[in-house]
Amino acid sequence: MTSNELFALDSQAVMQTYGRFPLAIDHGTGATLYSPEGKAYVDFASGIGVNCLGYGNEKWLEAVCGQAAKLQHASNLFYTEPYIRLAEQLTARTGMKRAFFANGGGEANEGMIKLCRKYSFDKYGTGRSTIITLRDSFHGRTVTTLAATGQDVFHQYFFPFTEGFRYAVANDIESVRAMDDGTVCAVMMELIQGEGGVLPLSYEFVQQVKALCEEKDWLLAVDEVQTGVGRSGSLFCFQQYDILPDVMSFAKGIGGGLPLAGILGGEKTAEVLTPGTHATTFGGNPVCCAGALSVLEQLDDDMLAEVKEMGEYLRNLLLELPGVVEVRGMGLMLGAGLREGCNAGALVKAMVESGVLCLTAGHNTIRLLPPLTISREEIDQGVAVMRQVMEAAL
Ligand SMILES: *Cc1c(COP(=O)(O)O)cnc(C)c1O
């Protein structure tokens with residue numbers, strides 16, 4: 001089908017929940033994507049931080065296609081090797097104790113919220129179910145994870161939302177303390193707020209929250225859905241903050257493009273979820289887990305060092321673009337903060353039309369989440385298109 005045929009059929013047959021760019025994507029190689037008509041686009045978006053190995057990665061393809069040919073699904077009534085090996089890898093490389101597998105970030109966060117409340121219920125009984133989250137956070141689109149998300153725009157239409165969330169201010173430990181009304185069981189946060197604007201938490205604040213959680217026996221629940229799987233330059237972002245979460249979630253990049261997510265529980269939390277308390281039909285799907293095993297195998301220390309190096313390279317190029325006043329983020333999770341009055345949405349739309357896929361975050365930030373395997377040449381090409389657009393617009 002041509003792009004125009006796809007646009008027309010989508011407008012008839014698909015619920016119009018997405019503000020899509022007028023671009024259809026047909027295939028890709030490396031960090032470059034192609035429309036059905038064959039026009040090339042440098043990919044600084046990775047399907048929102050998902051396609052961490054880019055397109056056409058041979059080892060990943062071999063793992064995924066091989067597993068699909070062997071067994072595509074078995075359900076969690078039975079044991080299969082891929083999810084067990086994946087859990088072993090994830091725990092060995094993080095210091096966490098046990099894994100639970102889900103299918104997407106919002107769903108993983110639901111599991112993490114259930115775990116936090118059950119930890120507290122098992123130990124203290126009822127009345128201690130409040131979870132503190134941060135303003136400008138994003139935790140998902142289910143009714144409960146919308147409630148967990150600390151942005152008022154998400155608290156509309158779908159009432160009643162799940163009770164028991166209180167919103168503190170990032171990098172302000174006193175505002176976290178002020179939420180303590182005796183009903184708190186956990187603090188849940190992203191270490192770099194992604195959708196909220198690519199806003200890294202300060203090292204000091206994260207240390208203070210960790211200490212407060214230990215003092216009060218609150219669980220520290222870290223949402224690594226966007227920051228995880230090499231994105232920040234370490235396998236998980238918490239490893240750069242010198243903390244071990246009590247429980248954490250991951251999703252986006254883990255399957256290298258296949259839907260997979262999960263939570264990792266530490267010493268306090270590994271045995272909280274017991275038979276019958278949590279489950280999902282697709283969780284730990286063998287094909288998705290085979291893809292994830294290939295992702296983790298490729299994400300070794302050399303590749304993580306490369307992510308940091310490419311991240312620095314891209315950061316320095318972004319800093320030279322007109323209208324960019326600062327660049328925030330870590331590794332290949334970068335946000336170019338624009339000067340007052342710039343319209344990030346309009347700029348990104350023009351960039352997509354001109355041949356580079358970028359994202360926004362908050363009002364005033366262009367967000368970049370390129371494949372972790374992106375080459376210097378592809379970065380140069382993409383930034384050249386960004387420069388063209390910004391010079392014309394600003
Ligand atoms: C994307 C995202 C989610 C939601 O993940 P889905 O897979 O869309 O459900 C949750 N938390 C963070 C930090 C995210 O970036």
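The values are calculated or read from the model by the stated rules, or taken from the named source; none is laboratory data. Because the structure is predicted, anything quoted here is derived from the model rather than measured. Neighbour counts are summed over all protein chains in view; Cβ atoms, including those assigned to glycine, are modelled from backbone coordinates with ideal geometry. Side chains are part of the model used for accessible areas, which takes the heavy atoms of the whole protein and leaves out ligands, DNA and RNA. Shrake-Rupley method; radii C 1.70, N 1.55, O 1.52, S 1.80 Å.
Being farther than 12 Å from LEU191 by Cβ and either of a type outside the set (Asp, Glu) or open to solvent by less than 10 Å² (accessible area, probe 1.4 Å) (or both) is the filter here; which residues of the stretch 234-248 pass it? Step through it out loud before you land on a result.
Initially, the stretch 234-248 is screened for residues farther than 12 Å from LEU191 by Cβ, giving 235, 244, 246-247.
Result: LEU235, LEU244, VAL247.
Cβ-Cβ distances below 9 Å connect the following pairs, each with a first residue in the stretch 35-62 that is under 20 Å from ARG20 (Cβ atoms) and among the acidic types (Asp, Glu), a second residue that is open to solvent by 10 Å² or more (accessible area, probe 1.4 Å) and within 16 Å of the ligand (Cβ to nearest atom), and a separation of six or more residues or different chains: ASP43/ASN51.
Keeping to the stretch 271-318, report how many residues are out of contact with any helix residue (DSSP H, G or I) (no Cβ under 9 Å at 6 or more places or on another chain), hydrophobic (A, V, I, L, M, F, W, C) and open to solvent by 10 Å² or more (accessible area, probe 1.4 Å).
Taking the stretch 271-318 as the starting set, the residues that turn out to be out of contact with any helix residue (DSSP H, G or I) (no Cβ under 9 Å at 6 or more places or on another chain) are 271, 275-276, 279, 281, 300-309, 311-312, 315-316.
So of that shortlist, the ones also hydrophobic (A, V, I, L, M, F, W, C) come out as 279, 303-305, 307.
The next check asks that each one be open to solvent by 10 Å² or more (accessible area, probe 1.4 Å); those that pass are 279, 303-305.
Qualifying residue count, the stretch 271-318: 4.
Among the residues making up the stretch 214-248, those that are touching a residue at least 40 places away in the same chain (Cβ under 8 Å) and either among the aliphatic types (A, V, I, L, M) or touching a Pro at 6+ places or on another chain (Cβ under 8 Å) (or both) are LEU219, ALA221, VAL225, VAL229, LEU235, PHE238, LEU244, VAL247, MET248.
Would the stretch 147-156 turn up any residue that is crowded, with 24+ Cβ neighbours inside 10 Å, touching a residue at least 12 places away in the same chain (Cβ under 8 Å), assigned by TED's automatic domain parsing to the domain that holds CYS237 and out of contact with any helix residue (DSSP H, G or I) (no Cβ under 9 Å at 6 or more places or on another chain)? Give the steps one after another, and end with the answer.
Pass one, the stretch 147-156, residues crowded, with 24+ Cβ neighbours inside 10 Å: 148-150.
Remaining after also requiring touching a residue at least 12 places away in the same chain (Cβ under 8 Å): 148-150.
Now narrow it down to the ones that are assigned by TED's automatic domain parsing to the domain that holds CYS237: 148-150.
Those still in the list that are out of contact with any helix residue (DSSP H, G or I) (no Cβ under 9 Å at 6 or more places or on another chain) too: 149-150.
Yes, there is a match, as at least one residue in the stretch 147-156 is crowded, with 24+ Cβ neighbours inside 10 Å, touching a residue at least 12 places away in the same chain (Cβ under 8 Å), assigned by TED's automatic domain parsing to the domain that holds CYS237 and out of contact with any helix residue (DSSP H, G or I) (no Cβ under 9 Å at 6 or more places or on another chain).
With the requirement that a residue be part of a loop (DSSP other than H, G, I, E, B) and within 13 Å of the ligand (Cβ to nearest atom), what does the stretch 183-200 give you? Working first, answer last.
First, pick out the residues of the stretch 183-200 that are part of a loop (DSSP other than H, G, I, E, B): 183, 190-191, 194-198.
Across the stretch 183-200, the qualifying residues are GLU190, LEU191, GLY194, GLU195, GLY196, GLY197, VAL198.
Does the stretch 1-24 hold any residues that are without any contact (Cβ under 8 Å) to a residue 12 or more places away in the chain and under 22 Å from the mean Cα position of the chain (by Cα), and which are they? Correct list: THR17, TYR18, GLY19, ARG20.
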